[in-house]
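Everything below concerns the one structure shown next.
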Amino acid sequence: MNVIVAVDKNWAIGKENQLLAKIPADQKFFREMTTGKVVVMGRKTLESFPNGLPLKDRVNIVLTRDRNYKISGAVLVHDEKELYTELKKYKDEDIYVIGGETVYRQLLDACDVAYVTKINYAFDADTYFPNLDEKSEWCVAECGEEQTYFDLEYYFYQYKKM
């Protein structure tokens, strides 16, 4: 499984259920990587999308404890056992964990590759991704060139589990 995330210099990912920055090249990268694939997310992440609707051209799997929650166009699962049963239907390399914080923390150990957009700025934030640089089982496999969007510098990284 893969994980895909944009983080700031403190590994923050969001505030009040919103992304910290919307960088067009990062959003394009996310779209290119996940279109035609399976995306796994929590309910709050789904609700942060435009109109709270699932992403187009992907299998959307939403992990929520709320058994009364209903959404058209997504597969709802209510615990990790249900999730892993559902994920058996797909190739491991086609699955992308896309957030939020709780889902990232629950599923990171099951992932082998992490696509991380690192933004060289410290935002005011309330949600975080585990710092892969502090985890001995993860190493940087690739690091892209510095890019800028207005005054934000950012880099595309690929981490692999050793």
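The values are calculated or read from the model by the stated rules, or taken from the named source; none is laboratory data. Just so it is clear, the model here is predicted, and its values are computed rather than measured. Methodologically, a virtual Cβ is constructed for each residue, glycine included, from the backbone with ideal geometry; neighbour enumeration extends over all protein chains shown. To get the accessible areas, we keep the full protein, side chains included, count just its heavy atoms, and leave off ligands, DNA and RNA. Shrake-Rupley method; radii C 1.70, N 1.55, O 1.52, S 1.80 Å.
Residue-wise test of (1) over 21 Å from ASP79 (Cα atoms); (2) out of contact with any helix residue (DSSP H, G or I) (no Cβ under 6 Å at 6 or more places or on another chain); (3) without any contact (Cβ under 8 Å) to a residue 40 or more places away in the chain.
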{"position": "VAL3", "(1), (2), (3)": "no, yes, no"}
{"position": "GLY14", "(1), (2), (3)": "yes, yes, no"}
{"position": "ARG31", "(1), (2), (3)": "yes, yes, yes"}
{"position": "THR35", "(1), (2), (3)": "yes, yes, yes"}
{"position": "ARG43", "(1), (2), (3)": "no, yes, yes"}
{"position": "PRO50", "(1), (2), (3)": "yes, yes, yes"}
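In the range 119-134, which residues are without any contact (Cβ under 8 Å) to a residue 40 or more places away in the chain and more than 18 Å from the chain's Cα centre (by Cα)?
Scanning the range 119-134 gives a single hit, GLU134.
Does ASP26 qualify as being open to solvent by less than 80 Å² (accessible area, probe 1.4 Å) and touching a strand residue (DSSP E or B) at 6+ places or on another chain (Cβ under 7 Å)?
Considered against the rule, which asks whether it is open to solvent by less than 80 Å² (accessible area, probe 1.4 Å) and touching a strand residue (DSSP E or B) at 6+ places or on another chain (Cβ under 7 Å), ASP26 comes out as yes.
For LEU53, which of the numbered conditions (1) farther than 29 Å from LYS135 by Cα; (2) surrounded by 15 or more Cβ atoms within 10 Å (Cβ to Cβ); (3) of a type in the set (A, V, I, L, M) fails to hold?
Single failed check for LEU53: (2).
So which strands (runs of 3 or more DSSP E) are wholly in the range 120-162 and hold at least 2 residues that are surrounded by 14 or more Cβ atoms within 10 Å (Cβ to Cβ)?
147-149, 152-161
Tell me, yes or no, whether the range 108-116 has at least one residue that is aromatic (Phe, Trp, Tyr), open to solvent by 20 Å² or more (accessible area, probe 1.4 Å) and part of a helix (DSSP H, G or I).
No - not one qualifying residue is present in the range 108-116.
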